[in-house]
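Asks: Got a structure for you, written out below as structure tokens; questions coming shortly.
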Amino acid sequence: MKIRSVLLTAALLSAQSFASSLPSEPHLYVQGNAHMQVQPDRAVIRVAITEKSKSLSEAKKRLDDIMANAISIAKNHKIKSDNIHAEQLNVYRQTRYNRTTNQDEFEGFRVSRSLTLKLEQIESYPVLLQKLVDAGINEFNNTQFEVSNKSALMKSLNKVAIKDAKLAAKELASDFDVKLDGLYSVSFSPMETPRAPYARAESMKVMSSDSGSVENAYNTGALTLKAHVYAVYTISN
């Protein structure tokens with residue numbers, strides 16, 4: 001009896017949650033979509049230096065020298081100090097098990113430092129990488145390509161997604177010969193309902209932005225930005 005009561009309470013709470021998203025009167029639940037392709041105009045580069053040595057002081061000095069040189073190279077590529085983040089030294093003591101003596105034998109120290117750079121002139125990306133390699137950087141973790149004006153682009157993209165949602169509502173209402181009375185609710189996240197929203201067959205595509213395109217830039221490939229909006233309209237016959 002107690003378990004049944006708990007299940008009933010959960011069901012009621014779930015129903016109340018759905019009720020807050022959808023009206024009790026007849027309605028349509030639609031989804032608007034929009035996307036565009038843009039060329040990235042900046043990159044977040046994550047690299048590191050790793051050395052092995054039995055002398056910790058020698059390994060640290062070598063890493064510090066390489067790091068200082070790498071930071072100097074970054075500044076020469078017009079990377080601001082606020083966009084240069086050098087991590088502290090990480091030290092690992094390495095041993096190897098000797099089966100003959102049944103003891104761990106010291107092999108040396110493995111030391112490393114990480115460096116994160118935010119490059120705002122992406123055309124210099126390949127040259128910068130080569131200079132970092134020449135300076136002694138020996139690990140390239142990943143590079144994240146970005147668009148500097150993403151907020152403005154997403155704002156425009158959201159407006160197009162809203163337009164697509166309106167078209168989806170009109171299309172669905174026309175197919176079922178019903179009339180749209182008004183907008184009940186709207187969200188940029190899926191609503192808490194078990195029903196899937198209706199969406200048009202093809203999302204609206206916005207002309208590709210060339211704001212991040214640089215002549216002779218490193219070929220990073222285009223980024224795809226997407227926007228979604230969810231709307232509920234009340235209807236009548």
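Asks: Has the stretch 168-176 got at least one residue that is surrounded by fewer than 16 Cβ atoms within 10 Å (Cβ to Cβ), in contact with a Ser or Thr (Cβ under 8 Å, 6 or more places away or on another chain) and either over 24 Å from Leu153 (Cα atoms) or at pLDDT 80 or above (or both)?
Replies: Taking every residue of the stretch 168-176 in turn, none turns out to be surrounded by fewer than 16 Cβ atoms within 10 Å (Cβ to Cβ), in contact with a Ser or Thr (Cβ under 8 Å, 6 or more places away or on another chain) and either over 24 Å from Leu153 (Cα atoms) or at pLDDT 80 or above (or both).
Asks: Here's a follow-up. Answer yes or no as to whether Ala74 is modelled with pLDDT of 95 or more and farther than 20 Å from Pro40 by Cβ.
Replies: no
Asks: Can you tell me which residue is surrounded by the fewest Cβ atoms within 10 Å (Cβ to Cβ) among those in the stretch 187-201 that are among the hydrophobic types (A, V, I, L, M, F, W, C) and under 24 Å from the mean Cα position of the chain (by Cα)?
Replies: Phe188
Asks: What are the residues in the stretch 118-150 that are assigned to a helix (DSSP H, G or I) and surrounded by 15 or more Cβ atoms within 10 Å (Cβ to Cβ), if any?
Replies: Ile122, Ser124, Tyr125, Leu128, Leu129, Lys131, Leu132, Ala135, Lys150
Asks: Name every residue in the stretch 91-126 that is hydrophobic (A, V, I, L, M, F, W, C) and touching a residue at least 40 places away in the same chain (Cβ under 8 Å), in order of residue number.
Replies: If the condition is that a residue be hydrophobic (A, V, I, L, M, F, W, C) and touching a residue at least 40 places away in the same chain (Cβ under 8 Å), then Phe106, Phe109, Val111, Leu115, Leu117, Leu119, Ile122 are the ones that fit.
Asks: Moving to a separate point now. Before we move on, is Asp164 charged (D, E, K, R) and not assigned by TED's automatic domain parsing to the domain that holds Ile66?
Replies: yes
The values are calculated or read from the model by the stated rules, or taken from the named source; none is laboratory data. Remember, it's a predicted structure, so these values are computed and weren't measured experimentally. As a convention, Cβ positions derive from the backbone with ideal geometry for all residues, glycine included, and neighbour counts pool all protein chains shown.
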